[in-house]
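Engineer: Below are the structure tokens for one structure; questions will follow.
The values are calculated or read from the model by the stated rules, or taken from the named source; none is laboratory data. Computed from a prediction, not measured in an experiment: that's the story for all the values here. Glycine also receives a Cβ, built like all others from the backbone with ideal geometry; neighbour counts cover every protein chain displayed. Only protein heavy atoms, including side chains, enter the accessible area calculation; ligands, DNA and RNA are left aside. Shrake-Rupley method; radii C 1.70, N 1.55, O 1.52, S 1.80 Å.
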Amino acid sequence: MLTRKQHELLTFIDRHLKATGVSPSFEEMKDALHLRSKSGIHRLISALEERGFLRRHHHRARALEVVRLPEDMATQLPGVQALGTPLAAPPGFAPNVIRGDFTAKLQGVRAANEVGAVQLPLYGRIAAGQPIEALRDSFAQVEVPIALLGNGEHYALEVAGDSMQDAGILDTDVVIIRRGDTAENGQIVVALVDESEVTLKRLRRRGNSIALEPANRAYETRILPSDRVRVQGRLVALYRRYE
């Protein structure tokens, strides 16, 4: 069973996709549901995704797909099957969901295979000094050359601080992270500490402890029990703008 807000958001996304062929922005969703911040939208989308109603294509900008609808919506919307049944296209219906490949061509949008780049979600700023909250209320995107990426799912974070400067990572740089929960000793990772703080550091395992090492002598290495640290991804590339 969905909450009222989850139901409202799913209805809005479904109608927006059918009317425009693209997912609504977080700002549009926030305004439609009369919420004060986009963090509420993030939570609602995550809940809908966990329940199997939505699917996010993380490599594409504004790419949400309605997988299924609850029974009360299915009975109101023609051509839509009930909860638990995959959506089937009626005769003459053309899908209007942007798929997570790199070949979608929309007016005013360059296809990735034409420009050699892809839009990655830019979740927010990450501390390269003292840990700060990452993944803030942002639905920004950053265009990254495909050559910087390999296999797997990626996202981008803006660096805040100078503790990794000796590794060539400077304040305001954008780091490209390959999502994952494992890393080898010596790799630079996004580390979640105590399920609340996120930081960018070099990871070292020492017995049952994990050391989060800065690359700046002005900062101290943090040594924590391994159960307090969770790897969120590892650094694969760095993107810097000169203005």
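Engineer: Within segment 217-243, count every residue that is of a type outside the set (F, W, Y) and within 29 Å of A147 (Cβ to Cβ).
Structural biologist: Counting residues in segment 217-243 that are of a type outside the set (F, W, Y) and within 29 Å of A147 (Cβ to Cβ) gives 11.
Engineer: For segment 138-183, name all the residues that are open to solvent by 60 Å² or more (accessible area, probe 1.4 Å), touching a helix residue (DSSP H, G or I) at 6+ places or on another chain (Cβ under 9 Å) and part of a loop (DSSP other than H, G, I, E, B).
Structural biologist: F139, D171
Engineer: Counting just the residues of segment 102-118 that are modelled with pLDDT of 50 or more and on the phi < 0 side of the Ramachandran plot, which one comes out farthest from the chain's Cα centre (by Cα)?
Structural biologist: Result: A117.
Engineer: Separate question: Evaluate segment 76-93: report whether one residue or more is modelled with pLDDT of 50 or more and part of a helix (DSSP H, G or I).
Structural biologist: Within segment 76-93 (the criterion being modelled with pLDDT of 50 or more and part of a helix (DSSP H, G or I)), the answer is no, since none of the residues qualifies.
Engineer: Look at segment 1-19 and say how many of its residues are open to solvent by 20 Å² or more (accessible area, probe 1.4 Å), touching a residue at least 24 places away in the same chain (Cβ under 8 Å) and part of a helix (DSSP H, G or I).
Structural biologist: Summing the residues that are open to solvent by 20 Å² or more (accessible area, probe 1.4 Å), touching a residue at least 24 places away in the same chain (Cβ under 8 Å) and part of a helix (DSSP H, G or I) in segment 1-19 gives 5.
Engineer: Only one of (1) modelled with pLDDT of 55 or more; (2) touching a Pro at 6+ places or on another chain (Cβ under 9 Å) is not met by S138, so which one is it?
Structural biologist: Status for S138: all satisfied but (1).
Engineer: Give me the pairs, please: first residue somewhere in segment 188-208 and over 15 Å from V159 (Cβ atoms), second residue anywhere and β-branched (V, I, T), beta-carbon distance under 6 Å, and either six or more positions apart or on two chains.
Structural biologist: L192/V198; V193/V229; L203/V189
Engineer: Continuing with this model, one more query. Considering each residue of segment 119-134, count those that are open to solvent by 40 Å² or more (accessible area, probe 1.4 Å) and at pLDDT below 55, and give that number.
Structural biologist: Counting residues in segment 119-134 that are open to solvent by 40 Å² or more (accessible area, probe 1.4 Å) and at pLDDT below 55 gives 2.
Engineer: Same structure again: Just give me the residues in segment 193-217 being under 17 Å from I169 (Cβ atoms) and among the acidic types (D, E), in sequence order.
Structural biologist: Answer for segment 193-217, where residues must be under 17 Å from I169 (Cβ atoms) and among the acidic types (D, E): just E213.
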